[in-house]
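Colleague: Here you go, one structure.
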Amino acid sequence: ACMGCHGPSGSGNPAAKFPALGSQHAAYVVKTMKDFRSGARSNDTSKMMQNIATRMTDREIEAVASYISGLH
């Protein structure tokens, strides 16, 4: 799901206003995903991130964050 909007290298899609994620700090990604999941963060178009995050466990969020932090 991440690659569909943010690209396989995490470079994002500026035209669609999907931000780059590559090399982002894992702790920031974890916090952001948990905030989307809880509803504390809701600045996503059509609630795409909220819908994805609500289906993820803490362990899955941590794994994705670790992967994203290694993208360049």
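The values are calculated or read from the model by the stated rules, or taken from the named source; none is laboratory data. Quantities reported herein were computed from a predicted structural model and do not represent experimental measurements. With ideal geometry, Cβ positions are generated from the backbone for all residues, glycine too; neighbour counts draw on all protein chains shown. Side chains are part of the model used for accessible areas, which takes the heavy atoms of the whole protein and leaves out ligands, DNA and RNA. Shrake-Rupley method; radii C 1.70, N 1.55, O 1.52, S 1.80 Å.
Colleague: What percent does the relative contact order of the chain come to when contacts are Cα pairs within less than 8 Å and at least six residues apart?
Modeller: Computed over the chain, the figure is 35 percent.
Colleague: Using the Kirkwood radius over Cα pairs, work out the Stokes-Einstein diffusion coefficient for the chain at 4 °C and 1.567 mPa s, in µm²/s as a whole number. Display every interim value, and only then the final one.
Modeller: Details: Rh = 12.1 Å.
Answer from the Stokes-Einstein relation: 107 µm²/s.
Colleague: According to a simple spin-label model (label point 7 Å from Cα along Cα-to-Cβ), what is the distance in nm between S23 and S11?
Modeller: If labels sit at S11 and S23, their model points lie 1.4 nm apart.
Colleague: S66 to M48: extension gain in nm, 0.36 nm per residue of separation minus the Cα-Cα distance? Can you show the working numbers first?
Modeller: On the way: separation 18, 0.36 × 18 = 6.48 nm, distance 2.08 nm.
Length gained, S66 through M48: 4.4 nm.
Colleague: Could you work out which residue, out of A26, A15, A53, moves most in a Gaussian network model of the chain, that is, has the largest mean-square fluctuation with Cα springs under 10 Å?
Modeller: Taking springs between Cα atoms under 10 Å, the residue moving most is A15.
Colleague: Let me ask something else. At a 1.4 Å probe radius, which order do I61, I52 fall into by accessible area, largest first? The partial results should precede the final answer.
Modeller: Numbers: I61 0, I52 45 Å².
Result, largest first: I52, I61.
Colleague: For the chain, what % of the accessible area comes from carbon and sulfur atoms, probe 1.4 Å? Working shown, then result.
Modeller: Numbers: 2700 of 4760 Å².
Carbon and sulfur together cover 57 percent of it.
Colleague: Can you give the accessible area per residue of the chain, in Å², using a 1.4 Å probe?
Modeller: Details: 4760 Å² over 72 residues.
For the chain, the per-residue accessible area is 66 Å².
Colleague: Cross-link partners among lysines for K47, C-alpha distance below 16 Å, same-chain residues fewer than 8 apart left out?
Modeller: K17, K34
Colleague: Put H6, H72 in order of accessible area, largest first, 1.4 Å probe: what do you get? Before the final figure, lay out each step's value.
Modeller: Working: H6 20, H72 175 Å².
Largest accessible area first, the list is H72, H6.
Colleague: Between exposed trypsin sites (Lys or Arg not before Pro) in the chain, where DSSP calls loop and at most 12 other Cβ atoms lie within 10 Å, what's the longest gap? List each step's numbers first, then the result.
Modeller: Working: sites that count: K17, R55.
Free of exposed loop sites, the longest segment is 18-54.
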